[in-house]
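The values are calculated or read from the model by the stated rules, or taken from the named source; none is laboratory data. All values reported here derive from a predicted model rather than from experimental measurement. Methodologically, a virtual Cβ is constructed for each residue, glycine included, from the backbone with ideal geometry; neighbour enumeration extends over all protein chains shown.
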């Protein structure tokens, strides 16, 4: 099994990412989640995680610093960055630090997300996956304009943010509260 850690400062996003992965139908094993890079670093050490799925902007230790620290500690796994920041410099820096790929949360599709995870697992196994480019990158997972993301439905009239805010304001299952 390929051990996976999810890192994001928003609980609702950690939950959403966790639900995108078909744990029972795949070779992936969920070993934990963290709200920042510092907690994630400790979790990776404790669990021996193979794949880290991380946000970029987080309190205490951001995703870029997490990638740098993992690399410095000899982490031989793979890192996938999921972010809302469509900023070339952040993408470039994440890849330069050793991230396998950088995907946008708002346009994330389950199929491309799972393919990227499979490519990462294949890279760990020394395999080449069908559909992957020579560098092992399955692609950015951006749906065509007007298509829905599996995170958020498409909306050309500005209602997307309002709909997301309404969902985010609902109590998170089992927590009794929501963080917005």
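Descriptive notes on the structure:
- Conditions (1) more than 13 Å from the chain's Cα centre (by Cα); (2) surrounded by 18 or more Cβ atoms within 10 Å (Cβ to Cβ); (3) farther than 23 Å from residue 123 by Cα; number of the one not met by residue 60: (2)
- Within the stretch 122-147, restricting attention to residues that are in contact with a strand residue (DSSP E or B) (Cβ under 8 Å, 6 or more places away or on another chain) and either under 17 Å from residue 82 (Cα atoms) or surrounded by fewer than 17 Cβ atoms within 10 Å (Cβ to Cβ) (or both), the residue that is modelled with the lowest pLDDT is 142.
- Looking across the stretch 96-118, the residues that are under 14 Å from the mean Cα position of the chain (by Cα) and in a helix (DSSP H, G or I) come down to 105, 106, 107, 110, 111, 112, 113, 114, 115, 116, 117, 118.
- From the list 29, 46, the lone residue that is in a helix (DSSP H, G or I), farther than 17 Å from residue 81 by Cα and either at pLDDT 95 or above or out of contact with any helix residue (DSSP H, G or I) (no Cβ under 8 Å at 6 or more places or on another chain) (or both) is 46.
- Counting only residues that are in contact (Cβ under 8 Å) with a residue 12 or more places away in the chain, over 26 Å from residue 23 (Cα atoms) and assigned to a loop (DSSP other than H, G, I, E, B), the stretch 74-95 holds 2 of them.
- Residue in the stretch 49-62 that is part of a helix (DSSP H, G or I) and modelled with pLDDT under 95 present: no
- Qualifying residues in the stretch 74-86 (those that are closer than 18 Å to residue 3 by Cα and surrounded by fewer than 19 Cβ atoms within 10 Å (Cβ to Cβ)) - the one nearest to the chain's Cα centre (by Cα): 76
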